[in-house]
Structure formats: structure tokens, C-alpha cells
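To start, the structure itself, in C-alpha cells.
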Amino acid sequence: MIWIENIAKKHPYPSILEYYKVFNHPYKQVTTHLRITAEHIRENYLILIIKLSIFCLFIFSLIYGISNITDHYFAVGDWNADRLTEYFLIATNNYYLRPSLILLIPIIGVFTNKKIGWILIQSYFYFLITNLAFPATQIDLTDNTLIILNIIGILLILLIIILMNKKKISNLVYGIKKSELINKNIIASVIGISITIILVMIKGNGI
């Protein structure tokens, strides 16, 4: 290209890339932006992993729920009725989309870097740990595999709860002071435990 050759003659830099750097071409701005993004990921990788896990879990549970609704329709659904109406009735009368609906709570928190976002995400993990703890009281003590799986699950969730309380996440990302952590954890635990109790009551009523 002639204009590049002219530039090279007037400004004999080792390469056209060097020319871009010297004259503050957008390349330099892009490089700076990428460097800032890399630093942000490195500093906030813990919360990013937690958020990504929640998002992936939501997508998986939604796909799984829709798949179950479709299977239910083809197995016992009324093919003469409107298909969308049947899907809606199956979804409301069964538990297929229940995990996805519960996951909407932390999903809102994933996209909210405020105190309420932290509470919503944390409440889901309190829900998970209580949801594991209640059935664990009825586990067959001779089933070592099930006991080990429950222990691993509870410890993993406890680890995430502890990480969410670290200053790197609670304060630097969500602006929660150390003096506020106890109150915010109480609120999150109340929400999580309440969801577990409601689900137990629903299951008890055969819904």
C-alpha cells in the first residue's frame, strides 16, 4: 500500500506496528484495555468462577427441566389439546422447572455487584447446605458412599460460603464492610432456610 510506504519513508521505524505505538494509535488503547481486563480477571477470579458456576448450573437445570417437560408431554400428555397449554400445565403441576426457578435468585445476584447481589448469591448456598443437611439426618449409616458424598457436598458449599465472606469478594466487589458481614449472612441464611422449609412443605403436600 502506497500510503504505508510513504509513512515508512518519513518515519523509518523498525515496523509499522512501532509506528502505531509511537503515534498513539488505537492499537495502544486496545492493548491497555486488554491488560486492564486481564488484571481484573486475575484479581477477581474467585467471584468470577462462582458466578460462572451459578450461570452454568442455571442453564443446565433449565435445559434439563424443559427436556423433562417434553418427555412428560410425549409420554402422557393430551396430544389433542394445544401443545403450549399442555406444556404450561405440565410445568406448573410438576417440579421440572423448580430448580431453575430457585436458581433465579442467585442469577439476579450474578448481575448485581451490590450488597443485595451478595445476599442473593449467598442465600442460594445456605439453601443448598440446608437442603443437604435435612435429608442427611435420614441417611442409612451403613451406606458409606452416600455419607461421603454428603460430607463432600456440605464441605464444598461451606468453602464457597467462607470465600464469599473474604474481603476480596465481600468488600472489594460488593462493598460490604466487615462489621456488616454478620447481619448480611443472617439475612442470606434466613432466605436460604426459608426456601428449604417451603420446599419441604410443598413436597409434604404432594405438590
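The values are calculated or read from the model by the stated rules, or taken from the named source; none is laboratory data. Here the structure is a predicted model, which means the values were calculated and not measured. Note: ideal-geometry Cβ built from the backbone for every residue, glycine included; neighbour counts use all protein chains shown.
Points to keep in mind about this one:
- Condition check for Ile90: under 27 Å from Ile202 (Cα atoms), surrounded by 11 or more Cβ atoms within 10 Å (Cβ to Cβ), modelled with pLDDT of 95 or more and not charged (D, E, K, R): no
- So Ala81, is it surrounded by 15 or more Cβ atoms within 10 Å (Cβ to Cβ), at pLDDT 65 or above and over 21 Å from the mean Cα position of the chain (by Cα): no
- In this entry, Ile169 is excluded by the filter for residues that are loosely packed, with under 12 Cβ neighbours inside 10 Å and either within 21 Å of Ile49 (Cα to Cα) or touching a residue at least 12 places away in the same chain (Cβ under 8 Å) (or both).
- In region 123-150, the residues that are surrounded by 15 or more Cβ atoms within 10 Å (Cβ to Cβ) reach residues that are assigned to a helix (DSSP H, G or I) and at pLDDT below 80 with C-beta atoms within less than 7 angstrom, at least six apart or across chains, in these pairs: Asn150/Ala136.
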